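To start, the structure under review is shown below, and the notes come after it.
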Amino acid sequence: MLTKTETGRKYPLRMPPGWEPPYPSFESRFDNDVAGVAMAVFGAQFGESGAAEAKRFVTGLAALATGAGKADHVDLSHCASDSTGHGQYVATGYWLDHEALTGFMESDAFRALWTRGSAETGFGIFREVFNIPLERFETLHSGPDHVVGVAHARAGLSDPIPTHAYWGSMRDRIPGSAGDKYEPQG
C-alpha cells in the first residue's frame, strides 16, 4: 500500500505546491494484518409511541455486538426527530475483521433478536453493512485525543499530516487514489 508521500504515484496529490496546513490533523493507523474495516449500522425508527421498545432493541443489538459479536467498537446514537418527524435509535458497530461481523450476523443470537425486532409493531428496523478495504479508507482527526468511531480500534496515530484543508485532500488520504482516479462507473 502506498503512503501519501511516496514517489511513484500514478496520479499526483492534489495538494497545492508548498502547502502548509492552517492547523494540525492526524490519521488513525491500524495493525499491518488489518485488511479493512467492516461497519454495520443497525437502527430503529419510531413514531409517537415505541421509543422505549426501539431503544431496548438497539441497545440489545449493541450489547450483543460488543460481546458475542466481537465488535471492536460500537457507538450508540439517538435522533429525537428525523426529516420525517420520527425518532431513531442507532447502533453503529465497527469490526477490523469482516469475518467476525459475518459470523455475528449469521449467529442464532443475532437472528433471534432481529426476528423479534421485525415482529414489533411500535417501531421499524433497518440495517446497512459496509466492508471497506483499507486502500479505500481514510480517517482524519483534529487532535491526537480525538477518538471517535473506528478510531477506538486503531493501533496508533500518525504524526501531523499535510494532506488536509484543501480541495481534494480527502481523496489524497485514500491510499488507493495513488493508482485509481475513482471515476464514476456507469
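Scanning region 105-126 for residues that are surrounded by 14 or more Cβ atoms within 10 Å (Cβ to Cβ), touching a strand residue (DSSP E or B) at 6+ places or on another chain (Cβ under 8 Å) and not β-branched (Val, Ile, Thr), which turns out nearest to residue 74 (Cα to Cα)?
First, the residues of region 105-126 that are surrounded by 14 or more Cβ atoms within 10 Å (Cβ to Cβ): 105, 107, 110, 113-114, 117, 120, 122-125.
Going one step further and asking which of them are touching a strand residue (DSSP E or B) at 6+ places or on another chain (Cβ under 8 Å), we end up with 105, 114, 117, 122-125.
If we keep only those that are not β-branched (Val, Ile, Thr) as well, we get 105, 114, 117, 122-124.
Working: 105: 15, 114: 17, 117: 19, 122: 24, 123: 21, 124: 21 Å.
Restricting to residues being surrounded by 14 or more Cβ atoms within 10 Å (Cβ to Cβ), touching a strand residue (DSSP E or B) at 6+ places or on another chain (Cβ under 8 Å) and not β-branched (Val, Ile, Thr), the top hit is 105.
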> Which one is surrounded by the most Cβ atoms within 10 Å (Cβ to Cβ), of the residues in region 74-95 that are small (Gly, Ala, Ser), in a strand (DSSP E or B) and out of contact with any Leu (no Cβ under 6 Å at 6 or more places or on another chain)?
Replying inline: 93
> Using beta carbons and a limit of 9 Å, which pairs, at least six apart or on different chains, have the first residue in region 47-75 and over 22 Å from residue 87 (Cβ atoms) and the second one open to solvent by 60 Å² or more (accessible area, probe 1.4 Å) and polar (S, T, N, Q)?
Replying inline: 73/66
> Counting only residues that are in contact with a Phe, Trp or Tyr (Cβ under 6 Å, 6 or more places away or on another chain) and charged (D, E, K, R), how many does region 71-128 have?
Replying inline: 2
>> Can you pull out every residue in region 22-68 that is among the hydroxyl-bearing types (Ser, Thr, Tyr) and under 18 Å from residue 104 (Cβ atoms)?
In response: 59, 66
> Where residues in region 113-136 are in a strand (DSSP E or B) and farther than 23 Å from residue 68 by Cβ, which of them is nearest to the chain's Cα centre (by Cα)?
Replying inline: 132
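Can you name the residue in region 23-33 that is within 17 Å of residue 146 (Cβ to Cβ) and open to solvent by 90 Å² or more (accessible area, probe 1.4 Å) and, of all such residues, is nearest to the chain's Cα centre (by Cα)?
Selected residue: 29.
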> So which residues in region 137-186 are in a loop (DSSP other than H, G, I, E, B) and of a type in the set (D, E, K, R)?
Replying inline: 138, 145, 154, 159, 180, 181, 183
> Can you tell me how many residues in region 139-168 are open to solvent by less than 40 Å² (accessible area, probe 1.4 Å) and either basic (Lys, Arg) or closer than 22 Å to residue 17 by Cβ (or both)?
Replying inline: 5
>> Given the options 153, 100, 165, name the one that is within 12 Å of the chain's Cα centre (by Cα) and of a type in the set (A, V, I, L, M).
In response: 153
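The values are calculated or read from the model by the stated rules, or taken from the named source; none is laboratory data. Model, not experiment: these values are computed from the prediction. Every residue, glycine among them, receives a Cβ derived from its backbone with ideal geometry; neighbour counts consider all protein chains shown. Areas reflect the complete protein model, heavy atoms only, side chains present, ligands, DNA and RNA absent. Shrake-Rupley method; radii C 1.70, N 1.55, O 1.52, S 1.80 Å.
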